[in-house]
Every structure is written in C-alpha cells, then in structure tokens.
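Shown next, in structure tokens, is the structure this report addresses.
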Amino acid sequence: MNEAFFADLSAWLTQAGLAGASETDIVSGFCDRCVAAGLPLARALLFIDTLHPVHEGRLLRWGYGPGESPLLEYGRTSPEALAASGSQPRDVEQAQRWRNSPHYKMLQTGDSFLRRRVNAAAKDEFPVLSDFLAAGMTDYVAIISRFAPQGIIGEMDGVYSSWATREPDGFSDGEIAALQRIAPYLALALKSVSLARMTGTLMETYLGRDAGRRVLGGRIVRGIAERIDAVVWFSDLRGFTRITDTTPEQAIPLLNDYSDAIVSAIHEHGGDVLKLIGDGTLAIFTAEDRAHACDAALSAAIAARARVDELNGLREAEGKPKTHMYLGLHVGEVFYGNVGSRERLDFTVIGPAVNEASRIAAMCRSVDQPVLMSSAFADVRDIKRRLVSVGRYALRGVAHPQELFTLDPDA
C-alpha cells in the first residue's frame, strides 16, 4: 500500500460521495479495493446514526455470507428511547449488544481506537466478539471517526467502524496505520450520502411524501402554488378531547396507535398525508383521472375503518381507551404549494374544497355517521352505487345546503 493507493482510494471515495452512491456500494467498493491492494480484511462493520422516527441508525456489513443482508436498520439503544418506543424484544436485545460492544466502551472512555486479538479473553471482555471468534477471525480493530460539534446532527456524531482479519498473525502495524489513515475519508463519503438520505426522510416524514419530494425538487418559493384536482380527506377521532381530559397520559400513545392505522391505509392506496393537526388528519388523493382518485380514497377509507376496528379490539383487551374515526371526503380544485411568512412556510392545500371537507367531517357527529362524502364525490362515475344519501345539510361557511352520502352497508 503505497502513496498511489491512498491517492486513488481517497479520490474514489470523493467521487462516490459526490455521485450519491449508496452506503452499501461505498462500503463494498472500499473493502474490495483495500483487499486488492493487500490489506487482509475479512469482515467490516460500520454504524452511522440517522434521523428517523423509528430507526436510530444503520449497520453496514461486508464479508458476511450471502444470506446476511449488507444493510440493517436498528432501533433505539438508550433506555429512555426504548421505553418511549415500546421496548420491543428485538430492540431490547440489540440495545444490550450495543452496551456490551467495544464502540460503547470507547464512547465512555473517549477513545477513538481500540484493538483486540480475537480469543477467549476478548470474548469475555466483549461478548459480541464471540461471533468473530466463531468465524475464525484473529484480530479486531475498532475506530470512531468523530464529527466536529458543528457537524453533528441529532445522534449522528460520527462513523463507527470495525475491521477484522483471519491472518494468523493478525494485522501488521503498517496495515493498522493504513486503516486509521483512510477511515476518515470513508467516513466523509458515508456522511455525505447519509445526509442526503436523511434530508429526504425528514421531508417526507414531516411534510408528506409528495410535498417532501416537491420541496427537495426546488418548490420552495413563497406564494407559488399549483392548481390541482384532488380528493381532500379530513378525519379526526371521536371523543378525543374527553379521553385527553380524563386520561391525559394516554393521549400520545393513543394518537400514535390510531395514526398508524389511518396513515398506513392512506399511503397504501396512493394518498399523501399533508398534516396531522392534533387528532385530525389532512390528506389528498390525486390522479389524472378523477375517478381513480375517488376510488383510491374510498378504498383507503374502508381499509382505515377496518384497521381502527382491529386496533379497538386490541386496545380493549389491554384495558386502554378506544375511539373511532370520523371522516369527510370531498373532491374539487385546490391550490397546492407554499403558504406562510418569510420565516415559516407550510407546503399544503388551501381553497374552498379543503374547507368543505373539514365541514363535512364535522357533520359526522351531527348525523351519527362515521364517514360522509359530498355530492361532488358521489357523482364521480359510478361511485354513488356504493353509497347511500343521508340527506341535505347546511354546512358552516358553505353557501348552499349540500347532499351528503355515506357507505351503503348493503353495497
């Protein structure tokens, strides 16, 4: 491994980071090039934390069997985060493995480098090394490539890497020096592509899938909105205020459970959730053909009701408060884009159709129906044959009384 090797490898890593190569491709390309240059790598593990509502970070693997994925996403590792996320058995086990790992010890001591010969003594010190011993590894090196404080985002404070060999005498001093020299270049490439991925995840998580993609695509100018035809979905939960008043500690877990049921149904049928407002959900369904958008919204409504019913059965068995969904559906033209102040923008939909969907949802309580649809929605193609009229009603803020429809139980 001469200077030409380091120059070529660092140039390749730079290009891979600039090109936005996947994290797995960067790790495998790096390891393959090191082996070709004579560095006797047999296994590599790299961790990088992320900003994601479910996963704390990603584990990248090289040198494992074909049945073992090169990428694993792991859950929370701190006791507080585990408790908040529900302490799933798999997450608890992974968190325990993390606390028994060399990298965890390095975080406690402030070290950036650790080396152990892989033997029975090392296994006793770090039980996670038993896998390396069973696989015939002889030497193990752990490195933390830390980011400067201003480069830390959330828990993403560095790249944690470990390297193992099967060579009888382990790594030479020169080989370890080579790993320490090149690891920061690898960390920088991984950080670059991870930040791009994290940005997309955060945009879609907090703005919605379509809105997030539009913002990342450059649709960020205040006041620019597109006129689109869309089904507007507005739903909320029955008796939510009463539940929060009587059992306030149940409010957030309850919202999470019902949001999982409702949002997953919307997404699976092609809708986009734009906003969660307390117990309310604002979503849209779009398609070149209005009938397709209405069919998708109706299918999502049926799926969401079924999932809420299933969830209610589980919560009742656990002695937890339960509720039901009220839903209003309307179709019409809306403005879709950036609205707000210079300092705080929202990518959302506005217009009379949005207001009407909200008013229709509010009527669910008055007419004792879980789902109500406007006449504009019912009149699309043959949807009305699956519905039944519940009469004409005056909606607040809407000029004329509107005929409303609900699902026909006999259809």
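Any read-out appearing in this document is the output of simple, stated calculations on the displayed coordinates, not a laboratory observation. Given the structure is predicted, the values throughout are model-derived calculations rather than measurements. Quick reminder, even Gly has a Cβ in these numbers, built from the backbone with ideal geometry, and neighbours come from all protein chains shown.
With contributions of -39500 (n - 2.57) from each DSSP H run of at least four residues, the per-residue ellipticity at 222 nm computed over the chain stands at -14000 deg cm²/dmol. How big is D for the stretch 121-234, in µm² s⁻¹ as a whole number, if Stokes-Einstein is applied with the Kirkwood radius of its Cα pairs at 10 °C and 1.306 mPa s? Value of D from the Cα-based Kirkwood radius: 86 µm²/s. For the chain, the relative contact order works out to 12 percent when only alpha carbon pairs closer than 8 Å and six or more residues apart are counted. In sequence order, the stretch 115-127 has phi-based couplings of 10, 9, 5, 7, 8, 4, 5, 5, 5, 5, 6, 10, x Hz under the Karplus curve 6.51 cos²θ - 1.76 cosθ + 1.60, θ = phi - 60°, and Gly or Pro positions carry x.
In percent, rounded to a whole number, the relative contact order of the stretch 209-407 is 24, using alpha-carbon pairs under 8 Å and six or more apart.
Ranking A44, Y140, L216 by Cα position along the charge dipole of the chain, where only Lys, Arg, Asp and Glu carry charges on their C-beta atoms, puts L216 farthest toward the positive end.
Dimensions of the chain from C-alpha coordinates, computed as largest minus smallest value along each principal axis and given longest first, are 85, 48, 39 Å. Residues whose amide H comes within less than 5 Å of that of A37, counting only those at least five positions distant or on another chain, are absent (H built at 1.01 Å from N in the peptide plane).
Residue ranges 281-291, 350-360 sort as 350-360, 281-291 when ordered by packing (mean number of other C-beta atoms within 10 Å per residue, highest first).
Against the chain, whose longest principal axis comes from its Cα atoms, helix 352-367 is set at around 70 degrees. Here each label is just a point 7 Å from Cα along the line to Cβ, and for S299 and V339 those points are 2.9 nm apart. Cα to Cα, under 15 Å, and not fewer than 8 places away if on the same chain: which aspartates and glutamates meet these conditions relative to K123? Straight-line reach from K123, under 15 Å: D131, D139.
For the stretch 209-407, the convex hull drawn through the C-alpha positions has a volume of 134 cubic angstrom per residue. Between helix 290-317 and the chain there is an angle of about 70 degrees, using the helix long axis and the longest principal axis of the Cα atoms. By other beta-carbon atoms within 10 Å, ranking S10, S374 with the fewest at the front produces S10, S374. Computed on the stretch 3-206, with alpha-carbon pairs under 8 angstrom and 6+ residues apart, the relative contact order is 26 percent.
Classification of the stretch 3-206 by its C-alpha gyration tensor yields an oblate form. The axis ratio a/c (a ≥ b ≥ c) is 1.5 or more, and b/c is at least a/b. When the square roots of the Cα gyration tensor eigenvalues are ordered a ≥ b ≥ c, the ratio a/c for the stretch 303-359 is 1.5 or more and a/b exceeds b/c, which makes its shape prolate.
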